[in-house]
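Undergrad: I'd like to ask some things about the structure below.
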Amino acid sequence: MSKLSPKQKELWKRIQRILWEKWDPIGVYEKDSEWDDEYDSYVPHVFRLAIEGNDYIRIAASLTSTINQNIGLSASNNNEHDIKIAKLIVQAKEEILGK
């Protein structure tokens, strides 16, 4: 993360927060809990997808694949939750870095 511009670092941190607070496929987030790095290993890939301009469908597919292949849970393709999270990520990218 050290070679990122200040705005890219801001997006990185926003994606971390979105994955931790909103995505949370294993259900470990609690509102008053301290920051946890549970999903930080997935940030680099999601960040790259976002800055490369991938749409929310591609990002949602990646999130679903992560749940199924890396986390070991079952999630259906094009599920509403992952699409919602992907839209938040795209929105954050557009707010911070532009379209």
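Coordinate-derived values only; no laboratory data. Quick caveat: nothing in here was measured; it's all calculated off a predicted structure. Cβ coordinates were reconstructed from backbone atoms using ideal geometry, including for glycine residues, and neighbour counts include every protein chain displayed.
Undergrad: Can you work out which of the residues in region 1-35 that are among the aliphatic types (A, V, I, L, M) and either more than 16 Å from residue 97 (Cβ to Cβ) or free of Cβ contacts under 8 Å to residues at least 12 places away in the same chain (or both) is surrounded by the most Cβ atoms within 10 Å (Cβ to Cβ)?
TA: Within region 1-35, the match that is surrounded by the most Cβ atoms within 10 Å (Cβ to Cβ) is 19.
Undergrad: Tell me the residue from 26, 67, 18 that is β-branched (Val, Ile, Thr) and under 10 Å from the mean Cα position of the chain (by Cα), please.
TA: Answer to the selection: 18.
Undergrad: OK, next. Just to be sure I understand the filter: pairs with C-beta atoms under 6 Å, separated by 6 or more residues or on different chains, first member in region 51-67 and aromatic (Phe, Trp, Tyr), second member in a helix (DSSP H, G or I). Which pairs pass?
TA: Cβ pairs passing all conditions: 56/86; 56/87; 56/90.
Undergrad: Still on this structure: Here is a list: 71, 89. Which entry is under 17 Å from residue 16 (Cβ atoms) and in contact (Cβ under 8 Å) with a residue 60 or more places away in the chain?
TA: 89
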